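The values are calculated or read from the model by the stated rules, or taken from the named source; none is laboratory data. Since this is a predicted model, take the numbers as computed values, not measurements. Cβ atoms come from the backbone with ideal geometry, glycine included; neighbour counts cover every protein chain shown.
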Amino acid sequence: MTYYGVKLNSKQLIPSRNNIISGIYLVKNNITRQLYVGQSNDIARRWYEHCKNSRNKFRLDRAIKKYKPDNFSVYVLLVLPEVKELYDKYEKFYIDFFGTYDNNTFHYNMTPGGEGFGFKEDHPNYKGKLIDDVGGIEYLKKSKASGKSLEDMLNELNMNDKAFYNYLKSHGYSGWHDLTGKRESSLGKNHFNCKWQIIDDAGGIDFIKSCKSKGMLKKDIIEDIGTTIFVFDNYLKNHGFKSWRSLN
């Protein structure tokens, strides 16, 4: 275990097999002096991801998009072997040491740390916190009312549909369509046009294809959208697909 606390230069921040440093890192906004502490088994690649994605869900990523990468510095605080317990322990230590998680009022850390590899981006509770950070249910309602589809929201928040629906259900909504009420046609709420509108609201054929390409099962997509197998199959046929298998 080696302590560095040194700034990485531009060459050291280019992801490559020669630049792999594993441990705890610090990012500093040189304009606002805001800080972020993180853990990674490849700090250069993690920095590259922060810059490339500029995701709405991470405060740091949004800041990088706003202020540009050149206005940030990256420091290696501690080099560690890839041991989860060590990463979690020292990430929590340095977040506390630098005070980068202060009730989300100034610095960029959105948790007190110690979640471990992958936990932050996969855990439903963490995903829910990310939605809360952009405005919660009210923000989702406004987004839907403005014409955004479910696919638009998943891309904007960089979330998977499972975490998104867990959030909706935890707030009493059965699905994306339920945020503004199910669409009803003059022929009644059980008419195909009404039920198909719910699928359209989720993103239509493109959304279904995207879910299938991610390995989701048909029954899971149907449950998430909030429709039935009968309506779903008829929707596919109406859009030129004989069956689920023919959907590529």
> Tell me, which residue of region 90-106 that is surrounded by 16 or more Cβ atoms within 10 Å (Cβ to Cβ) and out of contact with any Ser or Thr (no Cβ under 7 Å at 6 or more places or on another chain) is nearest to Gln34 (Cα to Cα)?
Replying inline: Thr100
> Among the residues of region 123-141, is any of a type in the set (Ser, Thr, Tyr), modelled with pLDDT of 70 or more, assigned to a helix (DSSP H, G or I) and farther than 25 Å from Phe232 by Cα?
Replying inline: yes
> Among the residues of region 107-122, how many are loosely packed, with under 15 Cβ neighbours inside 10 Å and at pLDDT 80 or above?
Replying inline: 1
>> So, in region 137-166, exactly how many residues are surrounded by 14 or more Cβ atoms within 10 Å (Cβ to Cβ) and more than 18 Å from Cys211 (Cα to Cα)?
In response: 6
> Out of Leu78, Leu86, which single residue is in contact with a Gly (Cβ under 8 Å, 6 or more places away or on another chain) and over 30 Å from Glu156 (Cβ atoms)?
Replying inline: Leu78
>> Being among the hydrophobic types (A, V, I, L, M, F, W, C) and without any contact (Cβ under 8 Å) to a residue 40 or more places away in the chain is the filter here; which residues of region 41-85 pass it?
In response: Ile43, Ala44, Trp47, Cys51, Ile64, Val83
> Looking at (1) within 23 Å of Asn155 (Cβ to Cβ); (2) at pLDDT below 90; (3) touching a helix residue (DSSP H, G or I) at 6+ places or on another chain (Cβ under 7 Å), which is the one condition that is false for Arg62?
Replying inline: (3)
>> I need a count of the residues in region 209-248 that are in a loop (DSSP other than H, G, I, E, B) and crowded, with 18+ Cβ neighbours inside 10 Å.
In response: 2
>> Every residue in region 142-162 that is in a helix (DSSP H, G or I) and within 12 Å of the chain's Cα centre (by Cα), please.
In response: Met153, Leu154, Asn155, Glu156, Leu157, Asp161, Lys162
> Hey, Ser73 hits all of (1) at pLDDT 85 or above; (2) within 27 Å of Asn155 (Cβ to Cβ); (3) outside any helix (DSSP H, G or I) but one; which does it fall short on?
Replying inline: (2)
>> I need the full set of residues from region 169-178 which are part of a helix (DSSP H, G or I) and crowded, with 20+ Cβ neighbours inside 10 Å, in order please.
In response: Trp176, His177
> Going by the structure shown, is Ile95 farther than 26 Å from Ile131 by Cβ, at pLDDT 90 or above and outside the structural domain of Met159 (by TED's automatic domain parsing)?
Replying inline: no
> Among the candidates Gly38, Gly5, which residue alone is in a strand (DSSP E or B), closer than 16 Å to Glu91 by Cβ, in contact (Cβ under 8 Å) with a residue 24 or more places away in the chain and over 22 Å from the mean Cα position of the chain (by Cα)?
Replying inline: Gly5
>> Quick check on this structure: which one of Asn104, Asn9, Asn53, Asn29 is under 25 Å from Leu157 (Cβ atoms) and modelled with pLDDT of 90 or more?
In response: Asn29
